[in-house]
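The values are calculated or read from the model by the stated rules, or taken from the named source; none is laboratory data. Values in this document were obtained by computation on a predicted structure and should not be read as measured data. Positions of Cβ are generated from backbone atoms using ideal geometry, with glycine treated the same way; all protein chains shown enter the neighbour counts. The area values use the complete protein model at the heavy-atom level, side chains included, leaving out ligands, DNA and RNA. Shrake-Rupley method; radii C 1.70, N 1.55, O 1.52, S 1.80 Å.
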Amino acid sequence: NGVTNLGTLTEVAGVKTQLAFTTQPSSAATTNVNFPAAPVISVEDKCGNIKTTDTTSTIVLVPKLSTQTCSGTDGNGILSSNPASGSTVTNCVITYGTMSYSFGESIRVCASSVSLASASSSIVTVSNPVPATTSISPASTTINSGSFTLIVNGASFVTNSIINWNGS
């Protein structure tokens, strides 16, 4: 009948060559708050097949400005994650339970590992929370009485928060 059965073919992943974000981090986040969705990073062969036997590759995470590649300019904040940067993959995959960033700016998360091509996430826009003032001290002072220190108390202030007095 002209048909020859050559048996069952099984796809086998090749040699590990690259990292890939199989789940991207959230596109929007708030400073120092866990991203709504944390990423999953996998070790793949050159065709994008996820390896299944690697338990030795460590993944280092570095925040990069959103306009940069993995070799570009670092972000201004600190990227925190669980598991921590430098952790080892399990069966060629690392799933982050939490991830947060300490500065309001747009970033990409760069994942790298020795002898593997790096991977860059989609853009994450990290916004500062809206601060709320609960008190100021002194509550008032006499005009032209000289300089004074104004203490502002509240919530959700970050390092680069700016307080305006009478609109300026």
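Residue-by-condition table, conditions (1) surrounded by fewer than 14 Cβ atoms within 10 Å (Cβ to Cβ); (2) over 16 Å from A117 (Cα atoms):
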site	(1), (2)
L19	no, no
S26	no, yes
A29	no, yes
T53	yes, yes
I78	yes, yes
(request) Please identify the pairs in which a residue from the range 53-65 that is touching a residue at least 24 places away in the same chain (Cβ under 8 Å) has its Cβ atom under 6 Å from the Cβ atom of a residue that is of a type in the set (K, R) and open to solvent by 20 Å² or more (accessible area, probe 1.4 Å), counting only partners at least 6 apart or on another chain. (result) D54/K16; K64/R108
(message) With outside any strand (DSSP E or B) and in contact (Cβ under 8 Å) with a residue 12 or more places away in the chain as the only criterion, which of N160, N144, N153 stands out?
(response) N160
(request) Determine which member of the set C47, C92 is open to solvent by 70 Å² or more (accessible area, probe 1.4 Å) and more than 14 Å from I123 (Cα to Cα). (result) C47
(request) Could you tell me whether A155 is out of contact with any helix residue (DSSP H, G or I) (no Cβ under 6 Å at 6 or more places or on another chain) and exposed (fewer than 10 other Cβ atoms within 10 Å of the Cβ)? (result) no
(message) Among (1) open to solvent by 60 Å² or more (accessible area, probe 1.4 Å); (2) without any contact (Cβ under 8 Å) to a residue 24 or more places away in the chain, there is one condition G7 misses while meeting the rest; what is its number?
(response) (1)
(request) State all residues of the range 109-135 that are in a loop (DSSP other than H, G, I, E, B) and either of a type in the set (D, E, K, R) or open to solvent by less than 40 Å² (accessible area, probe 1.4 Å) (or both); if no residue qualifies, say none. (result) S121, P129
(message) Please go through (1) in contact with a Phe, Trp or Tyr (Cβ under 9 Å, 6 or more places away or on another chain); (2) open to solvent by 40 Å² or more (accessible area, probe 1.4 Å) for P83 and return the number of the only condition it doesn't satisfy.
(response) (2)
(message) Being touching a strand residue (DSSP E or B) at 6+ places or on another chain (Cβ under 9 Å) and without any contact (Cβ under 8 Å) to a residue 24 or more places away in the chain is the requirement here; does T134 meet it?
(response) yes
(message) Between Q18, Q24, which is within 15 Å of the chain's Cα centre (by Cα) and either closer than 17 Å to R108 by Cβ or of a type outside the set (G, A, S) (or both)?
(response) Q24
